[in-house]
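What follows is calculated from the coordinates using simple rules that are stated; it is not laboratory data. This one's a predicted model, so the numbers in the text were calculated from it and none came from an experiment. Every residue, glycine among them, receives a Cβ derived from its backbone with ideal geometry; neighbour counts consider all protein chains shown.
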Ligand code: PRX
């Protein structure tokens, strides 16, 4: 672990609070007594939340923590996750309710009812079974935000197959390493995708990724853009040819509560992404519970919109599993927020009367940049709850969101959680909590989080340290795919004596005891709410023939939260390090990982600051990247290195 990221100073001087209105509180799903109820008997509280789902067989024990840190929740219970998200709503007489108002980027749209979703998921489940897939197999999905992506995930869940969704912006190399790691038998993709008004290829990336991939038997291709794609005979099948002719009858089998549901890869502190494993009953319970209470969702009344991509955990839990388990009517939008114009989101809110809107601070700051007059042109009066996720939200952005989107009245829920936690952990409860701009505030009822010092001792009010989760929770990861050792080391070794889960975030209590998140304390960057590890980008850079050594830091960025800044030493015989060479390196990183990992800036240097034990001191590089006075250099092996870097940069060398 390295030094703590610079604290977001402005967060800590914020003192405004916004109590809920009486009218909101009167109708809110959550009530203040939830906290006491959960504290009195956590397991009974979670058992009550699990009743929200349909269990084919009821559990015999709520939690088995004897094999910690691998939890078992709702032991002995059996359920089918897809049945819970789709069929039971049809069985309850809501088949005609719209599940998904899908909005395509070019302006096409589809409304899909729960009855239609049930038929489509059943056909896709039959299709997967016709290919010989059995429970426990893995399917990788790389798709844009089309309805078939959601159908594919639910079809996997229905037959007990683990899906592993890989964000559409990831490179063929990144896709391939994920496919290999899990030995996926099938990959599902589309011919192409719409991005900023243009059709871009998708299957071409997949083809490149899968060259020689031994585990992959079939590639299923959804037609989206209609562009010509090469078809590999015997391997590739069109979705419409495979799925459309299947029967819409499919009997869902109930799986054990701990049956694996999905793997989702996320960046850690090494170059190799971790396959985070989630299971069924506990995950779905927490997804549904949090979606119901944190967003105050009312089935059949609200129109909900989470702007995430299904390639991230937010899309899994708050587009697919939580909302559908709660019989939500939701908007799913395919494209970018400024296509064809910067008011696109607000136009969609107005058209569909969206009442709950969940997005990321980076997008809110982008909206701020585009100007207040843009949301002002639309009728946003339907909005009643606003959410934020992915990184700390600065108070300016929070206030802007409240004033320009929430008409100064909609409660804002700043939700802290991670791929690993599966669902929201720390957040205000609308109608209960007096919100504070910039603070995620309190662990939800049933969840326990603490801010502790180096020794694992809880700090007092006003104190700062590390965020830990000190009690197991239903949606918690059950491991890292194929690497139990790494699972234990990454999350459970830092505070092993206390048995705490170490989240990797710095945090602070304010005078009221509310939690403020301060960013990562490890080598993980947060760029537009996406996790990227410094080592991942460093290994991509050094894989280029001209690079001898590289050090990467996340520097504060007014829009993306952090921006990637790389310091590279070129090989002796390499070209001069001019603009062209730098551009080539940026493209190389995009090719290795994906465009989201492209460094904002690459600085060619002669030396890197290292401690006597050879560890790169990123703190000092961050000072340079953020144009600050360089801090304490006394632990450097050679303290003149920083002068060399700074003077080299000034003289443009
Ligand atoms: O640093 C925290 C930040 O995002 C990290 C988790 O990233 P990921 O697994 O990609 O999941 C993002 C969406 C759940 C955390 O360790 N983070 C997420 N939400 C917040 C946040 N930091 C501060 N405030 C938040 N609300």
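If R₀ is 30 angstrom, what is the calculated FRET efficiency for the pair residue 485 and residue 455, using the beta carbon separation as r and rounding to 0.05?
Numbers: r = 25 Å, r/R0 = 0.82.
So, using R0 = 30 Å, E works out to roughly 0.75.
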Length gained, residue 548-residue 130, 0.36 nm per residue minus C-alpha separation, equals 145.4 nm
What translational diffusion coefficient, in µm²/s and rounded to a whole number, does the Stokes-Einstein relation yield for region 411-516 at 4 °C and a viscosity of 1.567 mPa s, taking the hydrodynamic radius as the Kirkwood radius over Cα pairs?
-> 90
Could you put 415, 290 in order, starting from the residue whose Cβ has the fewest other Cβ atoms within 10 Å?
-> 415, 290
Once both labels are modelled 7 Å past Cα along the beta-carbon direction, what's the residue 492-residue 376 spacing in nm?
-> 5.5
At what distance in nm do the modelled label points of residue 110 and residue 60 sit from each other, each positioned 7 Å from its Cα along Cα→Cβ?
-> 4.4
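Return the ratio Rg/(2.2 N^0.38 Å) for region 66-173, where Rg is computed over Cα atoms only. Intermediate results must be reported in sequence, preceding the final value.
Working: Rg = 16.1 Å, N = 108, 2.2 N^0.38 = 13.0 Å.
Region 66-173 yields a ratio of 1.23.
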Percent of beta bridges antiparallel (DSSP, the chain, rounded to nearest 5) | 60
At q = 0.15, 0.23, 0.29, 0.32 Å⁻¹, base-10 log of I(q)/I(0) for region 108-158 (Debye sum, equal scatterers on each alpha carbon) = -0.42, -0.89, -1.21, -1.32
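Based on the alpha-carbon set only, what is the convex hull volume of region 177-321 divided per residue, in Å³?
Numbers: hull volume 27.6 nm³, N = 145.
Hull volume over Cα atoms, normalised by residue count, gives 191 Å³.
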Return an integer: the convex hull volume of the alpha-carbon atoms of region 159-199, in Å³ per residue.
-> 91
So if R0 is 25 Å, what FRET efficiency would residue 240 and residue 336 give, r being the distance between their Cβ atoms, rounded to the nearest 0.05?
-> 0.40
If we count other beta carbons within 10 Å of each Cβ, what is the order of 291, 94, 101, fewest first?
-> 94, 101, 291
In Å, the C-alpha Rg and Dmax of region 528-651 are 13.9, 38
Mean separation of Cα contacts under 8 Å (6+ apart) over length of region 22-505, as relative contact order % = 16
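For the chain, what is the mean residue ellipticity at 222 nm derived from helices alone (per DSSP H run of n ≥ 4: -39500 (n - 2.57); sum divided by total residues; nearest 500 deg cm²/dmol)? Show your work: numbers first, answer last.
Numbers: 19 runs with 173 residues, N = 653.
Per the formula, -7500 deg cm²/dmol.
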Calculate, in whole percent, how much of the Cα-Cα pair population of region 445-589 lies beyond 28 Å.
-> 37
One finds the C-alpha centres of region 351-369 and region 590-645 to be spaced, in Å, by 35
Could you tell me, in Å, what Rg and Dmax come out for the Cα atoms of region 485-548?
-> 16.1, 54
Rg (one decimal) and Dmax (whole number) from the Cα set of region 251-407, in Å, equal 17.0, 52
What list do you get for 413, 81 if you sort them by fewest beta carbons within 10 Å?
-> 413, 81
Provide the three semi-axes, in whole Å and in decreasing order, of the ellipsoid equivalent to the chain as defined by the square roots of 5 times the Cα gyration tensor eigenvalues.
-> 37, 31, 25
Take peptides 511-523, 371-383 and line them up by average Cβ neighbours within 10 Å, highest first, as a rough protection proxy.
-> 511-523, 371-383
